[in-house]
Amino acid sequence: MKVLLIGSGGREHALAWKLVQSDLVTELTCAPGNAGMAEIAAVAPVAADDLIGILALVQSLQIDFVVVGPEQPLALGLVDMLQETGVKVFGPTQIAAQLEASKAFTKDLCRRYNIPTADYGVFTDLTEAKAFLKTMTPPYVLKADGLAAGKGVVLPETLSEAEAELEEFFSGKFGEASNTVVIEEFMEGEEVSFFAICDGKTAVPLIGAQDHKRAFDGDKGPNTGGMGAYSPAPVFSEADRETVMETIILPTLHGMEKDGHPFTGVLFAGLMMTQEGPKLIEYNCRFGDPECQVLMRRMQSDLMELFMAAEAGELDKAPAPAWFDDTVVNIVLATKGYPGAYEKGSAIKGIDAANDMDGVVVFHAGTKSEDGQLLASGGRVLNVTAQAGTVRAAVDAAYKAIDEAIDWPEGFCRRDIAKAAL
Ligand code: AMP
Ligand code: GLY
């Protein structure tokens, strides 16, 4: 089967690494891909949000099956477009992708189908929003309804700060994304990322992982896309996984089907493990980055087989995916300055030496190859993953690869990934 994978991040390098191990994949092309993906698959210079370019590529390469990594092409309707032309694709339609693209859509679905989540109100009017705010207790949770590159959530400590934020939201702080604002009750607990593969009718559970969203050690600094991840997460037990399937994932799928827009693809539930049990913070309709990298390293089963079963609506016949018991950690190396402004073009050395170390696999994100040199070309640049029998051994192996093999003075990483599990 000729497969096209859309995307260029660490998540997509990990998906590509897993897909090329499948006997079902005869040829893999990545668009646009990165320098690491170019070492294991073909790459084509078509941007992930260039729907017309992707369609042309699918036709010229006679692609059999498309896998979509990031959310933008899903929200733009790539899946709908490919389905109309008869191409098989793994991912949700534009309407189903509302689960990520609109927080109000998801909250209303939760309310209608009794899915545990924070209490909330949805507003398009500043005066009404301010009145609701006064009924809440601090810290306040304000969210732009639409996609805001992970930045559309603020947690002000005081009412006056929250009111000022609301005014900014409604004056276009996040463009159209904040024309509608969700105000939520604050939930206390540990956060877990959980994933399930869905075929519109049913879902197969994958596993949970913990992400580190802040830029610096001790959860300090600005929010990022994610600075590291590990799995298994001790705060997320097998019983929790079953509870989440029963109370959150399956009711969501059944609700989506009943409402006339069945969800096919990866459902990524951002969960808060509260005193009253797991509650939904938000959905994403794609794999997490950097969580996907640890999931792919822990997965024993054939990923392509799972994607094909989901696309065909036959997940009920697919065997449950098998997993390595080992811990996998992923430490993100980012360019100094990220998530703010940073320089591009610094040289990176030592990736091969890192990959030669026991249990270590390096996935690329923002990298490019120029005149035989590997250069940084983005904010998050490398993902150093390590697999071992204990959390301690996995953490030590990953940091050893960073400290002793990789030579990139312009990069930085957090030094406390997986600390909570140690
Ligand atoms: P979201 O983009 O909805 O995942 O929100 C970003 C981050 O804000 C989450 O990862 C949480 O750390 C935090 N957050 C969002 N909603 C809540 C909530 N209702 N209670 C506590 N923290 C929240
Ligand atoms: N790591 C969180 C995300 O992918 O949204």
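The values are calculated or read from the model by the stated rules, or taken from the named source; none is laboratory data. Fair warning: this is a prediction, and the values are worked out from it, not measured in the lab. Don't worry about glycine lacking a Cβ; one is built from the backbone with ideal geometry, like all the others, and counts go over all protein chains shown. The protein model used for the area step is the full one, side chains on, heavy atoms only, and it has no ligands, DNA or RNA in it. Shrake-Rupley method; radii C 1.70, N 1.55, O 1.52, S 1.80 Å.
The C-beta contact set for region 128-151 (first residue within 18 Å of E185 (Cβ to Cβ), second residue assigned to a loop (DSSP other than H, G, I, E, B) and among the hydrophobic types (A, V, I, L, M, F, W, C), distance under 6 angstrom, 6+ apart or interchain) comprises P139/L155; P139/F186; V141/L155; V141/F186; A144/F174. Residues in region 361-410 that are of a type outside the set (V, I, T), outside any strand (DSSP E or B) and open to solvent by 70 Å² or more (accessible area, probe 1.4 Å): D371, G372, R392, D396, K400, D403, E404, P409, E410. The single condition from (1) in contact with a Ser or Thr (Cβ under 7 Å, 6 or more places away or on another chain); (2) within 16 Å of ligand 2 (Cβ to nearest atom); (3) of a type in the set (G, A, S) that A310 fails is (2).
The conditions of being surrounded by 23 or more Cβ atoms within 10 Å (Cβ to Cβ) and in contact with a Pro (Cβ under 8 Å, 6 or more places away or on another chain) are not met by L155. For region 307-343, a tally of residues being over 28 Å from A149 (Cα atoms) and not basic (K, R) returns 17. Scanning region 103-119 for residues that are within 12 Å of E282 (Cβ to Cβ), open to solvent by 20 Å² or more (accessible area, probe 1.4 Å) and touching a helix residue (DSSP H, G or I) at 6+ places or on another chain (Cβ under 6 Å) yields F105, T117. Every listed requirement among (1) open to solvent by 40 Å² or more (accessible area, probe 1.4 Å); (2) at pLDDT below 95; (3) not in a helix (DSSP H, G or I) is met by G225 save one, (1). The C-beta contact set for region 257-269 (first residue open to solvent by 30 Å² or more (accessible area, probe 1.4 Å), second residue part of a helix (DSSP H, G or I) and among the polar types (S, T, N, Q), distance under 8 angstrom, 6+ apart or interchain) comprises H261/Q98. Taking first residues from region 172-200 that are assigned to a helix (DSSP H, G or I) and within 12 Å of ligand 1 (Cβ to nearest atom) and partners that are of a type in the set (D, E, K, R) and open to solvent by 10 Å² or more (accessible area, probe 1.4 Å), the Cβ contacts under 8 Å between residues at least 6 apart in sequence or on separate chains come to A177/D145.
Just one of the listed residues (E71, E100) is of a type in the set (D, E), in contact with a Pro (Cβ under 9 Å, 6 or more places away or on another chain), within 21 Å of D289 (Cα to Cα) and crowded, with 18+ Cβ neighbours inside 10 Å, namely E100. Just one of the numbered conditions (1) open to solvent by less than 20 Å² (accessible area, probe 1.4 Å); (2) of a type in the set (A, V, I, L, M, F, W, C); (3) closer than 23 Å to G378 by Cβ; (4) touching a Ser or Thr at 6+ places or on another chain (Cβ under 7 Å) is not true of A42: (1). Within region 151-171, the set of residues being assigned to a loop (DSSP other than H, G, I, E, B) and more than 13 Å from ligand 1 (Cβ to nearest atom) comprises T158, S171. Here V192 meets the list (1) within 16 Å of ligand 2 (Cβ to nearest atom); (2) crowded, with 16+ Cβ neighbours inside 10 Å; (3) under 28 Å from E246 (Cβ atoms); (4) over 16 Å from the mean Cα position of the chain (by Cα) almost entirely, failing just condition (4). For region 45-68, a residue qualifies if it is in a helix (DSSP H, G or I) and either buried (at least 21 other Cβ atoms within 10 Å of the Cβ) or of a type in the set (F, W, Y) (or both), and the qualifying residues are I54, V58.
Okay, residues lined up against (1) loosely packed, with under 15 Cβ neighbours inside 10 Å; (2) more than 16 Å from ligand 2 (Cβ to nearest atom):
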residue	(1), (2)
T124	yes, yes
L159	no, yes
E165	no, yes
P205	no, yes
A215	no, no
K220	yes, yes
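This table checks each residue for (1) open to solvent by less than 60 Å² (accessible area, probe 1.4 Å); (2) touching a helix residue (DSSP H, G or I) at 6+ places or on another chain (Cβ under 9 Å); (3) of a type in the set (D, E); (4) within 16 Å of ligand 2 (Cβ to nearest atom).
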| site | (1), (2), (3), (4) |
| --- | --- |
| S178 | yes, yes, no, no |
| T202 | yes, yes, no, no |
| D211 | yes, yes, yes, yes |
| A233 | yes, yes, no, yes |
| E242 | no, no, yes, no |
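Here the condition is being out of contact with any Gly (no Cβ under 7 Å at 6 or more places or on another chain) and within 24 Å of G150 (Cβ to Cβ); of G10, G53, it holds for G10 alone. Could you grab me the full set of residues in region 256-284 that are part of a loop (DSSP other than H, G, I, E, B) and in contact with a strand residue (DSSP E or B) (Cβ under 6 Å, 6 or more places away or on another chain)? Within region 256-284, F263 is the sole residue that qualifies.
Those helices (runs of 4 or more DSSP H) of region 71-122 in which at least 3 residues are in contact with a strand residue (DSSP E or B) (Cβ under 8 Å, 6 or more places away or on another chain), considering only elements entirely within it, cover 71-76, 78-84, 103-112.
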